[in-house]
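Trainee: Below are the C-alpha cells for one structure; questions will follow.
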Amino acid sequence: MGLGSLASRAMRPTASRLLSSQNPRPFFSFHRAVSTTPELQNADQSAAAAQPEPAADLPSRTPLGGARVHFPNPEDAIEVFVDGYPVKIPKGFTVLQACEVAGVDIPRFCYHSRLSIAGNCRMCLVEVEKSPKPVASCAMPAMPGMKIKTDTPIAKKAREGVMEFLLMNHPLDCPICDQGGECDLQDQSMAFGSDRGRFTEVKRAVVDKNLGPLVKTVMTRCIQCTRCVRFATEVAGVQDLGMLGRGSGEEIGTYVEKLMTSELSGNVIDICPVGALTSKPFAFKARNWELKGTETIDVTDAVGSNIRIDSRGPEVLRIVPRLNEDINEEWISDKTRFCYDGLKRQRLNDPMIRGADGRFQPVSWRDALAVVAEMAHQVKPEEIVGIAGQLSDAESMMALKDFLNKMGSNNVWCEGNGSNRDADLRSGYIMNSSIAGLEKADAFLLVGTQPRVEAAIVNARIRKTVQATHAKVGYIGPAADFNYDHEHLGTGPQTLQEIAERRHPFSSVLSNAKNPAIIIGAGVFERKDKDAIFSAVETIAKYAEVVRPDWNGVNVLLLKAAQAAALDLGLVPESENSIESAKFVYLMGADDVNLEKVPSDAFVVYQGHHGDRGVYRANVILPAAAFSEKEGTYVNTEGCSQQTVPAVPTVGDARDDWKIIRALSEVAGVRLPYDTLGAIRSRIKTVAPNILQIDEREPATFSFSIKPESKQKLDSTPFGTVVENFYMTDSITRASKIMAQCSSVLLKK
C-alpha cells in the first residue's frame, strides 16, 4: 500500500472530526462528498439493488417527441432492453437512439442527430450490462439483447462528474448571457449536476473571435462540443472553424483571422448548446420568456422554410427555424434569419397621392381609391396592366386577376415569371422530385442555376446528397462558387445541346445514373429561347429516363415566393409587350420590374409595404401589410402550399392586399363577390384547388410528353447570374440594416 493511501486513510477520520467539531475553520479536509444522496457515495454497492427487473408484460413506451421509427428492413430489427423495457430498433442504431425510442431522454452536448458523432462531451454516459465502466451512448452501437441502464447510481455519478468538469472553467455569466432561459447547460446542470462544485482555482479565459456581423462570440463559455465545427464542415461546406490547441488550452476558432462566410452561418447559433455563439443583432434585446412565438413560413425565397417569428409588442425581434423534414429540416438561411429588421424600416404608413409639385401628400383611403378608380375608367381595357410582386400571397393575386378581368383586361402576371410564360403544364414550373426527394438522386445537371445563392436550403440538400452518395454534379452557367464537388461543363445553351445530342461526356453519366435529376434555374423564364432550352432538357430526360412512373427528376428551381401560386392561378399576360403600351399600371408590391418600359404618361399605382424601387415612379401609393402581419397562402418551389400567420399588428393605416383590391373594385363599380378570406379561398378552389391543400404537396399530373415540340432555336447567349447579391433580393431585405452590413462585409472581394 502506498504512502498516499496510508496518509489519506489516516487523515479521513481527523477531517470528519474537524468538520463535525465546533471549530469554524478546519486546517484541512481531504475527503468531501459532493453528492447530496447517500446512495451515490456508495454507487458500486447499491448498483445491483438499484433496479429490480420489471415484469415481462410491461407496456411499450412512447418514443421521445412522438417520433416514428422507420425500419428499412423489418428483418434487421433487433431487440434491446432499456431499464428493463424491451424495445425494437433498426440495426445500426446507437444506444442513445435506442433510449430515445424507449422514451428515455439522455443528456448530451456534443451529439446532434444531423451531424457526425464526436463522442467528446461524455455527458451521455449510461451503464451497459457486462461492461466494466459506463459507456458513451451516442457512440456505442446497440447490439441484440443489450441491457441498458440509464438511471443507476453509477450512471448518475458519472454524469455528475462530467458536469462538474464542464462547469470547472465555465463563467458564471447567466445573468448577462443571451442564452439564459434556453440554455442546455443550465437545464442539464439542474437536472443531472451536483448542487456544488469543488473547483477553487482560477478559471481560464479565451479571447473572443470575430465571425462577422451575424454571430456574436463569447468563447470563454465554450465547452468544446465541436458542434459548430462539424456543422460548418459537413452541412455548410466551409472549412472556416476548427479546434486549436490541446488540453486546457483547447479552443474553437478560425485558423487565420477571417470571417465565417457561409450563407447558413446563423445556424451555429441554434446548435450551440451554451452561450458561446449567439445572435449579434439580437444581443441584449430581450429574454426568451418575454417573446411571443408565432409559427409561420419564410417568403424571402421560393423554398418556404418553416420559421417561428418571436415578437414583443409590435416589433419582430428574431426569427428562428422550425423543424420540417420535407423542406428545410431544421436549418434556415442567413437572409431568412436576419432580415427581420427590414420589417420596421422604410415602411409605408398612409395612402399618398403625388401632387403637381412631385411630392407625395397623405390622403384618406376614400380619396386615394377614388382617384385610382377614376383613372382606371379613363383608359382602354387593353391598356390596363397588373403586376404582382414576388412577396404576394395567392389570395391577393386572385383578387388582382379578378379585378383586372372585370375591368376588361387580362394583362396580369407575377414578376420573375416573364411576360410570355406558359402555365399549361404544372410540371414545367415546379420541383417535381420534391426537395426531400433530391436525396434519392445520384446525378445532377444544373442548368442556368446557382442554388447556393438562389435557394440556400435546396443547395444544402444537394450537398448532403453529394456527401452521402458521391453523386456527380454537372453545372452549365457562369463561373460560380459551389461548396461541393462539381464539374463546370460550360456557360451557355450550346453545352446543353451537346448533352441532348449525346456528344458530351456528361451524357453518359446521366444515362448510367439510376435516378438522374435536372434542375433548371428560374432565370431561364426571362430568356427569349426558353422554349428551346426546355425542349433540349426534355430530349435529355427521354434518353436518360429522368421521368418514370416512380421518379420525376425534371425540376425547376423558382426564385420568388409568389411564382408558383401565380402560375397555378393563371397569371399569364395576353400580350408580351403589354407594359410598353400601358396607360394604367397596377404594381402590387412589384419592385423588380423594369419600369423604364412604362410610357411617361402612364398612371402608376404602387400597392406595397416598403418604400422601395416602385415608389419612385408611382402616382398613388396604397400601404399594404407585410408577410408577418397577415394571413396568406404561398406555394413553394416543390408545389407545397403553406400559410403565413400574423405575428405583429400592421403598421400605420396599412391593409391586407386583397382587402385593398376588394375595396377598390367596389369604388370602381365592379364589385368582387367576396368579403372574407374564406370566400376568396372558395374562389381559389374553383381555379386551383391544389393551393388549398395546406402543408401538402400536390404532384404534377401530366409530364412534358403531351407537350407539342418547340421549333425555337437555342440562342448562343450564355446563361447569366440571376442573383447578384444574396443578401438583398426583395423590398424587405433591401430595407434591412443587417443585410446591408452583410453585403458590405461579406461580399467584399
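The values are calculated or read from the model by the stated rules, or taken from the named source; none is laboratory data. Predicted model, so just to flag it, every value in this text is computed and none were measured. Don't worry about glycine lacking a Cβ; one is built from the backbone with ideal geometry, like all the others, and counts go over all protein chains shown. We work out accessible area using only protein heavy atoms, side chains counted, and drop any ligands, DNA or RNA first. Shrake-Rupley method; radii C 1.70, N 1.55, O 1.52, S 1.80 Å.
Trainee: Looking at 733, 686, 650, can you tell me which residue is out of contact with any helix residue (DSSP H, G or I) (no Cβ under 8 Å at 6 or more places or on another chain) and among the β-branched types (Val, Ile, Thr)?
Mentor: None of the others qualify; the one that does is 686.
Trainee: Restricting the search to region 725-749, which residues are modelled with pLDDT of 90 or more and open to solvent by 60 Å² or more (accessible area, probe 1.4 Å)? Please lay out each step first, then the result.
Mentor: If we filter region 725-749 for residues that are modelled with pLDDT of 90 or more, which is where we start, we get 725-744.
Those that are modelled with pLDDT of 90 or more and open to solvent by 60 Å² or more (accessible area, probe 1.4 Å): 737, 741, 744.
Trainee: Could you tell me how many of the residues in region 224-248 are without any contact (Cβ under 8 Å) to a residue 12 or more places away in the chain and farther than 26 Å from residue 332 by Cβ? Spell out the reasoning first.
Mentor: Of region 224-248, the ones without any contact (Cβ under 8 Å) to a residue 12 or more places away in the chain are 233, 239, 244-247.
Still in the running and farther than 26 Å from residue 332 by Cβ: 244-247.
Qualifying residue count, region 224-248: 4.
Trainee: Report yes if some residue within region 162-181 is touching a residue at least 24 places away in the same chain (Cβ under 8 Å), within 22 Å of residue 82 (Cα to Cα) and surrounded by fewer than 19 Cβ atoms within 10 Å (Cβ to Cβ); otherwise report no.
Mentor: no
Trainee: Let me ask something additional. Just to be sure I understand, how many residues within region 283-309 are surrounded by fewer than 21 Cβ atoms within 10 Å (Cβ to Cβ) and not in a helix (DSSP H, G or I)?
Mentor: Step one: list which residues in region 283-309 are surrounded by fewer than 21 Cβ atoms within 10 Å (Cβ to Cβ), which gives 283-295, 308.
Imposing the further condition that a residue be not in a helix (DSSP H, G or I) reduces the set to 283-287, 291-295, 308.
Total satisfying the criteria: 11.
Trainee: Are there any strands (runs of 3 or more DSSP E) wholly within region 373-478 with 3 or more residues that are aliphatic (A, V, I, L, M) and either in contact with a His (Cβ under 6 Å, 6 or more places away or on another chain) or crowded, with 23+ Cβ neighbours inside 10 Å (or both), and if so which? Let's see the steps before the verdict.
Mentor: Details: elements: 384-388, 412-414, 443-447, 472-476.
The strands (runs of 3 or more DSSP E) meeting that bar are 384-388, 443-447.
Trainee: Select from region 71-97 the residues that are among the hydrophobic types (A, V, I, L, M, F, W, C) and under 28 Å from the mean Cα position of the chain (by Cα) and write down the one among them that is farthest from residue 131 (Cα to Cα).
Mentor: Step one: list which residues in region 71-97 are among the hydrophobic types (A, V, I, L, M, F, W, C), which gives 71, 77-78, 80-82, 87, 89, 93, 95-96.
Right, trim to under 28 Å from the mean Cα position of the chain (by Cα) and you get 71, 93, 96.
Values: 71: 28, 93: 18, 96: 16 Å.
Per the criteria, the residue is 71.
Trainee: Looking at region 534-575 only, could you name the residues that are open to solvent by 10 Å² or more (accessible area, probe 1.4 Å) and either part of a strand (DSSP E or B) or polar (S, T, N, Q) (or both)?
Mentor: 535, 539, 547, 548, 551, 552, 554, 575
Trainee: Let me ask you something else. How many of the residues in region 597-636 are open to solvent by 20 Å² or more (accessible area, probe 1.4 Å) and over 30 Å from residue 296 (Cα atoms)?
Mentor: Selection size over region 597-636: 8.
Trainee: So, restricting to strands (runs of 3 or more DSSP E) that lie completely within region 163-276, which ones have at least 2 residues that are closer than 25 Å to residue 484 by Cα and either out of contact with any Ser or Thr (no Cβ under 6 Å at 6 or more places or on another chain) or among the aliphatic types (A, V, I, L, M) (or both)? Don't jump to the end; show me each part of the working.
Mentor: Details: elements: 215-217, 242-244, 251-253.
Correct list: 242-244, 251-253.
Trainee: Out of curiosity, is residue 483 of a type in the set (S, T, N, Q) and either open to solvent by less than 10 Å² (accessible area, probe 1.4 Å) or in contact with a strand residue (DSSP E or B) (Cβ under 7 Å, 6 or more places away or on another chain) (or both)?
Mentor: So residue 483 fails the test.
Trainee: Pairs, please: C-beta under 7 Å, at least 6 apart or cross-chain, first residue closer than 15 Å to residue 266 by Cα and without any contact (Cβ under 8 Å) to a residue 24 or more places away in the chain and in region 311-325, second open to solvent by less than 30 Å² (accessible area, probe 1.4 Å) and assigned to a strand (DSSP E or B)?
Mentor: If the second residue must be open to solvent by less than 30 Å² (accessible area, probe 1.4 Å) and assigned to a strand (DSSP E or B), the pairs left are 319/307; 319/309.
Trainee: Of everything in region 75-111, what is small (Gly, Ala, Ser) and either open to solvent by less than 20 Å² (accessible area, probe 1.4 Å) or free of Cβ contacts under 8 Å to residues at least 12 places away in the same chain (or both)? Give them in sequence order. Give the steps one after another, and end with the answer.
Mentor: First pass over region 75-111, keeping only residues small (Gly, Ala, Ser): 77, 84, 92, 98, 102-103.
Within region 75-111, 98, 102 meet the criteria.
Trainee: Another question, then. Return only the number of the condition from (1) in contact with a Gly (Cβ under 7 Å, 6 or more places away or on another chain); (2) farther than 23 Å from residue 301 by Cα that residue 539 does not satisfy.
Mentor: (1)
Trainee: Just one of 109, 71 is assigned to a loop (DSSP other than H, G, I, E, B) and closer than 26 Å to residue 224 by Cα; which is it? Working first, answer last.
Mentor: On the way: 71 fails: closer than 26 Å to residue 224 by Cα.
Answer to the check: 109.
Trainee: Please indicate, with yes or no, whether at least one residue in region 689-701 is under 31 Å from the mean Cα position of the chain (by Cα) and farther than 22 Å from residue 301 by Cα.
Mentor: Within region 689-701, the first condition is being under 31 Å from the mean Cα position of the chain (by Cα), and the residues that meet it are 689-701.
Now narrow it down to the ones that are farther than 22 Å from residue 301 by Cα: 689, 701.
Yes, because at least one residue in region 689-701 is under 31 Å from the mean Cα position of the chain (by Cα) and farther than 22 Å from residue 301 by Cα.
Trainee: Ok, one more. Quick one: in region 509-523, of everything that is among the β-branched types (Val, Ile, Thr) and crowded, with 23+ Cβ neighbours inside 10 Å, which residue is farthest from residue 472 (Cα to Cα)? First the steps, then the outcome.
Mentor: Taking region 509-523 first, the residues among the β-branched types (Val, Ile, Thr) are 509, 518-520.
Those still in the list that are crowded, with 23+ Cβ neighbours inside 10 Å too: 518-520.
Numbers: 518: 12, 519: 13, 520: 16 Å.
Ranking the candidates gives 520 first.
Trainee: Also, quick follow-up: Read through the list (1) within 32 Å of the chain's Cα centre (by Cα); (2) in contact (Cβ under 8 Å) with a residue 24 or more places away in the chain; (3) surrounded by fewer than 23 Cβ atoms within 10 Å (Cβ to Cβ), then give the number of the only condition that residue 594 fails.
Mentor: Unmet for residue 594, out of (1) within 32 Å of the chain's Cα centre (by Cα); (2) in contact (Cβ under 8 Å) with a residue 24 or more places away in the chain; (3) surrounded by fewer than 23 Cβ atoms within 10 Å (Cβ to Cβ): (2).
Trainee: Given the criterion of a type in the set (Gly, Ala, Ser), within 20 Å of residue 95 (Cβ to Cβ) and within 32 Å of the chain's Cα centre (by Cα), identify the matching residue among 139, 155.
Mentor: Working: 155 fails: within 32 Å of the chain's Cα centre (by Cα).
The conditions single out 139.
Trainee: Which residue pairs have Cβ atoms under 7 Å apart, sit 6 or more places apart or on different chains, and have a first residue in region 369-397 that is more than 25 Å from residue 677 (Cα to Cα) and a second that is open to solvent by 30 Å² or more (accessible area, probe 1.4 Å) and not in a loop (DSSP other than H, G, I, E, B)?
Mentor: Short answer, once both residue conditions are applied: 371/353; 383/581.
Trainee: Given (1) within 26 Å of residue 725 (Cβ to Cβ); (2) in a helix (DSSP H, G or I), identify the lone condition not met by residue 496.
Mentor: Among (1) within 26 Å of residue 725 (Cβ to Cβ); (2) in a helix (DSSP H, G or I), residue 496 violates only (1).
Quick grid of which residues meet (1) basic (Lys, Arg); (2) open to solvent by less than 60 Å² (accessible area, probe 1.4 Å); (3) touching a residue at least 60 places away in the same chain (Cβ under 8 Å); (4) under 30 Å from residue 323 (Cβ atoms):
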site	(1), (2), (3), (4)
638	no, yes, yes, yes
665	no, yes, yes, no
675	no, no, no, no
683	yes, no, yes, no
700	no, yes, yes, yes
717	no, no, yes, no
720	no, yes, yes, no
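Trainee: Only one residue in 697, 671 is modelled with pLDDT of 90 or more and charged (D, E, K, R). Which one?
Mentor: Values: 697 fails: modelled with pLDDT of 90 or more.
Unique residue meeting the criteria: 671.
Trainee: Do you know which residues across region 184-215 are touching a residue at least 60 places away in the same chain (Cβ under 8 Å), buried (at least 19 other Cβ atoms within 10 Å of the Cβ), farther than 30 Å from residue 740 by Cα and not polar (S, T, N, Q)?
Mentor: 185
Trainee: So, one more: Quick one: how many residues across region 714-749 are assigned to a loop (DSSP other than H, G, I, E, B) and of a type in the set (S, T, N, Q)?
Mentor: Taking region 714-749 and keeping what is assigned to a loop (DSSP other than H, G, I, E, B), we get 714-730, 735-736, 747-749.
With the extra rule that they be of a type in the set (S, T, N, Q), the set shrinks to 716-717, 721, 725, 729, 736.
Here the count works out to 6.
Trainee: I need the full set of residues from region 597-630 which are free of Cβ contacts under 8 Å to residues at least 24 places away in the same chain and among the polar types (S, T, N, Q), in order please.
Mentor: Across region 597-630, the qualifying residue is only 600.
Trainee: Output the residues belonging to region 627-670 that are closer than 27 Å to residue 307 by Cα and among the charged types (D, E, K, R).
Mentor: Of everything in region 627-670, those that are closer than 27 Å to residue 307 by Cα and among the charged types (D, E, K, R) turn out to be 629, 630, 631, 638, 653, 655, 656, 657, 659.
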